[in-house]
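The values are calculated or read from the model by the stated rules, or taken from the named source; none is laboratory data. Computed from a prediction, not measured in an experiment: that's the story for all the values here. Methodologically, a virtual Cβ is constructed for each residue, glycine included, from the backbone with ideal geometry; neighbour enumeration extends over all protein chains shown. With ligands, DNA and RNA removed, areas are computed over all heavy atoms of the protein, side chains included. Shrake-Rupley method; radii C 1.70, N 1.55, O 1.52, S 1.80 Å.
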Amino acid sequence: VLKPAEQSPAIAWHLARILFEAGLPADVLQFLPGEGETVGEAIVNHPDVDIISFTGSRDGGLLINRQAAEIKPGQDHVKRVIAEMGGKNASIIDDDADLDEAVVGVIGSAFGYSGQKCSACSRVYVAREVYDEFIDGLVKRADTMVIGDPTDKTVFVGPVIDEAAVARFEEAAALAANDGHIRFGGNRITDGDLAKGTFVAPTIVDGLPID
């Protein structure tokens, strides 16, 4: 049973279509789009489901783990859960690092797919000896990224998935501005055609408290 996130059913349907066209029997895969709170929860709690594979938020994954641990009427097995949840992935830049390569790596990890991936770099620990040089290079590199329609090969940063994602970004940016120093970005894009979409600037912050 393939149940995509409600924000992205079309791409999951294309995957299902390709598999069927390649010869996968129709009764082997069921494509089932819907809201996570209704369709997803029904799948998780169904007594005939053996294994649940989930990619998404920490809160969603923890809820699924709790629900799957409860044996339902008619269930004769223990459900297995594979959960790929969001984290705070860090990069470590030592004082002997190739800073040009480090900048490219951090930019690609942090802002590829507009940061909308479980593996996105969300914090960087930098040795004091190279801190200023690294952060300056990171900001300069970020300033060269093209934001726009991701079907354009010159574009590196596309939109975030929906208005809820914009709201989360703006909340985080406000906290960053209050507690730290925004070195780059921190704003929703409101210029030209991009103002019609859910585009936010790649954002670099330092000076945050340790907590």
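Exactly one residue among Arg141, Arg168 is in contact with a helix residue (DSSP H, G or I) (Cβ under 7 Å, 6 or more places away or on another chain) and either of a type outside the set (Val, Ile, Thr) or touching a residue at least 12 places away in the same chain (Cβ under 8 Å) (or both), and that residue is Arg141.
Restricting attention to the stretch 169-184, the residues that are within 18 Å of the chain's Cα centre (by Cα) and either assigned to a loop (DSSP other than H, G, I, E, B) or not small (Gly, Ala, Ser) (or both) add up to 3.
The requirement of being over 30 Å from Thr154 (Cβ atoms) and without any contact (Cβ under 8 Å) to a residue 60 or more places away in the chain is satisfied by Gly40.
Mind checking whether some residue in the stretch 5-28 is open to solvent by 60 Å² or more (accessible area, probe 1.4 Å), assigned to a helix (DSSP H, G or I) and within 21 Å of Leu62 (Cα to Cα)? Among the residues of the stretch 5-28, not one is open to solvent by 60 Å² or more (accessible area, probe 1.4 Å), assigned to a helix (DSSP H, G or I) and within 21 Å of Leu62 (Cα to Cα), which makes the answer no. Please work out which residue is surrounded by the most Cβ atoms within 10 Å (Cβ to Cβ), limiting yourself to the stretch 164-205 and to residues that are at pLDDT below 95 and among the acidic types (Asp, Glu). If we take residues in the stretch 164-205 being at pLDDT below 95 and among the acidic types (Asp, Glu), then Asp193 is surrounded by the most Cβ atoms within 10 Å (Cβ to Cβ).
The combined condition, being modelled with pLDDT under 95, open to solvent by 100 Å² or more (accessible area, probe 1.4 Å), outside any loop (DSSP other than H, G, I, E, B) and of a type outside the set (A, V, I, L, M), is not fulfilled by Asp211.
Assess whether Val28 counts as being aliphatic (A, V, I, L, M) and free of Cβ contacts under 8 Å to residues at least 24 places away in the same chain. When the stated conditions are applied, Val28 passes them.
Would you confirm, using the coordinates I've provided, whether Ala68 is under 30 Å from Pro47 (Cβ atoms) and either modelled with pLDDT of 95 or more or among the acidic types (Asp, Glu) (or both)? Yes.
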